[in-house]
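A.B. asks: So that we are looking at the same thing, I have put the structure below in structure tokens.
The values are calculated or read from the model by the stated rules, or taken from the named source; none is laboratory data. The model shown is predicted, which means the values in this text are computed figures rather than measured ones. Counting neighbours? That spans all protein chains shown, and the Cβs are built from the backbone with ideal geometry, glycine included. Protein only, heavy atoms only, side chains kept; ligands, DNA and RNA dropped before computing areas. Shrake-Rupley method; radii C 1.70, N 1.55, O 1.52, S 1.80 Å.
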Amino acid sequence: MISRNHQIARTISVTVDTEEEGLWSGGYPVKNCTTNNLRGLARFQALCEKYGVPPTYLIDAPVLDDAQAIADLKRWHTGGRCEIGSHCHPWCNPPIITESVSNTESYICNLPEELQFEKLQWLTNKICDVFGRSPTSYRAGRYGFNESSVGPLVKLGYQLDTSVLPWFSYQDSMGPCFRHYDRTPTHVTDSMGSKKLLEIPITTGFTSKGAYGLRRRFHKLIDTPIGRSTKLAAVCSRIGLTRHVKLSPEGTTLGELVGLVESSLHDGVNHLVLMLHSTSLLPGFSPYAKDAAGVEALYNRLDGILECATKRFSCDGIMLSDIPKLLPVKETE
Ligand SMILES: [Zn+2]
């Protein structure tokens, strides 16, 4: 039971992009996708349960063809031990209209709205058929979300999106820009301003607390052509002043993650959202866990950050779809 009498609830949600192998191979395979990495889910589920955190599995199209994974996910879902949301890799999500997918087309938000709707409708209906319930939480593959996705998602009954990484930008690879997004849940609208969807961003921030506004301005300053061409940016990042990361055991140290949790809570970011890829849970399927030692190191970071969030900072572990119920009225208007 979350106590709200004397203070605002602090929560942590653990989200998994649950998907096929292949994303890291450099291309966008449209068929013959393999899902051997999903054999790693059982160990992960057990770790989350150890800390009382029911994970949210955001699953994509090829996962729905993996009978063993579906059996596991259904068992956990039926028992209220996890949430099933959706995750769209547009290149391998029907309807497939081309077998040659460009970087631009790999971001679903760059596709025509009608095609976005058709792909999301296929995925949503299939998840509903398999799990007996429509998903209400969504994350785009490669974080490919912008206002053009709001209409299709609202039409399909989605309550929230969790694709945004505040301050990150994928514009260099034709993807979306999240530089102006806030770190707390907020409503996003479609281009007409008529449809609203709750955005619950993945937690991002500095790896130590204090002077957030000042450091943000400084970070912005050095993230310019001149800033990038000098050594200033690298030095500031190395000493931790402007090192800006996402809450994920992929590509970070435990110390950085603890610092991020501490600085986020300090700044009033009360609903932490951690993310990782299912492909990092077994050796050899992602750059973040290239071998067995890499997987064990990732589990150490995961274990450490869940312990820190749930015990040291008393965050309650909840599913993504539980967050809207906890938001103050001003945030849900
Ligand atoms: Zn993905």
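A.B. asks: I need the full set of residues from the stretch 17-40 which are under 20 Å from the mean Cα position of the chain (by Cα) and not in a loop (DSSP other than H, G, I, E, B), in order please. It would help to see each step written out before you state the result.
C.D. replies: Restricting attention to the stretch 17-40, the residues satisfying the condition of being under 20 Å from the mean Cα position of the chain (by Cα) are 17-24, 28, 35, 37-38, 40.
Within the stretch 17-40, D17, T18, L23, W24, N37, L38, G40 meet the criteria.
A.B. asks: Across the stretch 41-63, what is the total count of residues that are in a helix (DSSP H, G or I) and in contact with a His (Cβ under 9 Å, 6 or more places away or on another chain)? Can you show your working first?
C.D. replies: First, the residues of the stretch 41-63 that are in a helix (DSSP H, G or I): 41-50, 61-63.
Add one more test, that the residue is in contact with a His (Cβ under 9 Å, 6 or more places away or on another chain), and what stays is 61-63.
Of the residues in that region, 3 qualify.
A.B. asks: Which one is nearest to the ligand (Cβ to nearest atom), of the residues in the stretch 118-141 that are open to solvent by less than 50 Å² (accessible area, probe 1.4 Å), closer than 20 Å to Y28 by Cβ and among the hydrophobic types (A, V, I, L, M, F, W, C)?
C.D. replies: First pass over the stretch 118-141, keeping only residues open to solvent by less than 50 Å² (accessible area, probe 1.4 Å): 119-120, 123-124, 127-128, 130-131, 135-141.
Checking which are closer than 20 Å to Y28 by Cβ leaves us with 119-120, 123, 138-141.
Now restrict to residues that are among the hydrophobic types (A, V, I, L, M, F, W, C): 120, 123, 140.
Working: L120: 14, L123: 12, A140: 8 Å.
If we take residues in the stretch 118-141 being open to solvent by less than 50 Å² (accessible area, probe 1.4 Å), closer than 20 Å to Y28 by Cβ and among the hydrophobic types (A, V, I, L, M, F, W, C), then A140 is nearest to the ligand (Cβ to nearest atom).
A.B. asks: Oh, and also: Restricting attention to the stretch 164-177, report how many residues are part of a loop (DSSP other than H, G, I, E, B) and in contact with a Pro (Cβ under 8 Å, 6 or more places away or on another chain). Walk me through it before giving the result.
C.D. replies: Narrowing the stretch 164-177 to residues part of a loop (DSSP other than H, G, I, E, B): 164-168, 170, 174-176.
Those still in the list that are in contact with a Pro (Cβ under 8 Å, 6 or more places away or on another chain) too: 164-166, 170.
Adding up the residues that qualify gives 4.
A.B. asks: For the structure I just gave you, tell me whether D60 is modelled with pLDDT of 95 or more, of a type in the set (D, E, K, R), within 16 Å of the ligand (Cβ to nearest atom) and under 20 Å from G40 (Cα atoms). Please lay out each step first, then the result.
C.D. replies: Values: modelled with pLDDT of 95 or more: yes; of a type in the set (D, E, K, R): yes; within 16 Å of the ligand (Cβ to nearest atom): yes; under 20 Å from G40 (Cα atoms): yes.
Spelling it out, D60 is indeed modelled with pLDDT of 95 or more, of a type in the set (D, E, K, R), within 16 Å of the ligand (Cβ to nearest atom) and under 20 Å from G40 (Cα atoms).
A.B. asks: Hey, another quick one. Have a look at T98, T35, T78 and point out the one that is surrounded by fewer than 15 Cβ atoms within 10 Å (Cβ to Cβ) and under 30 Å from G317 (Cβ atoms). Talk me through it step by step, then tell me what you get.
C.D. replies: Details: T98 fails: under 30 Å from G317 (Cβ atoms); T35 fails: surrounded by fewer than 15 Cβ atoms within 10 Å (Cβ to Cβ).
Only one candidate passes the filter, namely T78.
A.B. asks: Something else now. May I ask you to list pairs of residues, at least six apart or on different chains, whose Cβ atoms are under 9 Å apart, with the first in the stretch 103-125 being farther than 20 Å from G175 by Cβ and free of Cβ contacts under 8 Å to residues at least 12 places away in the same chain and the second being open to solvent by less than 10 Å² (accessible area, probe 1.4 Å) and not aliphatic (A, V, I, L, M)?
C.D. replies: Here the result reads E114/P152, each pair linking the stretch 103-125 to a residue that is open to solvent by less than 10 Å² (accessible area, probe 1.4 Å) and not aliphatic (A, V, I, L, M).
A.B. asks: If I filter the stretch 103-116 for residues that are within 16 Å of the ligand (Cβ to nearest atom), within 30 Å of P328 (Cβ to Cβ), modelled with pLDDT of 95 or more and outside any loop (DSSP other than H, G, I, E, B), do I get at least one hit?
C.D. replies: The answer is yes, given that some residue of the stretch 103-116 is within 16 Å of the ligand (Cβ to nearest atom), within 30 Å of P328 (Cβ to Cβ), modelled with pLDDT of 95 or more and outside any loop (DSSP other than H, G, I, E, B).
A.B. asks: If I ask for residues that are surrounded by 14 or more Cβ atoms within 10 Å (Cβ to Cβ) and in contact with a Pro (Cβ under 7 Å, 6 or more places away or on another chain), which ones from the stretch 178-214 would you list?
C.D. replies: Within the stretch 178-214, F178, Y181, R183, L198, E199, I200, P201, T204 qualify.
A.B. asks: When you go through (1) in a loop (DSSP other than H, G, I, E, B); (2) without any contact (Cβ under 8 Å) to a residue 40 or more places away in the chain one by one for R75, which number turns out not to apply?
C.D. replies: Against the list (1) in a loop (DSSP other than H, G, I, E, B); (2) without any contact (Cβ under 8 Å) to a residue 40 or more places away in the chain, R75 comes up short only on (1).
A.B. asks: While we're looking at this one, here's another question. Please find, within the stretch 241-281, the residue that is farthest from G85 (Cα to Cα) out of those that are within 16 Å of the ligand (Cβ to nearest atom) and among the hydrophobic types (A, V, I, L, M, F, W, C).
C.D. replies: If we take residues in the stretch 241-281 being within 16 Å of the ligand (Cβ to nearest atom) and among the hydrophobic types (A, V, I, L, M, F, W, C), then L281 is farthest from G85 (Cα to Cα).
A.B. asks: From the set of residues in the stretch 10-24 that are within 13 Å of the ligand (Cβ to nearest atom) and more than 14 Å from F44 (Cα to Cα), which is surrounded by the fewest Cβ atoms within 10 Å (Cβ to Cβ)?
C.D. replies: Step one: list which residues in the stretch 10-24 are within 13 Å of the ligand (Cβ to nearest atom), which gives 15-24.
Filter again for more than 14 Å from F44 (Cα to Cα), leaving 19-24.
Numbers: E19: 26, E20: 24, E21: 20, G22: 21, L23: 23, W24: 13.
Out of the qualifying residues, it is W24.
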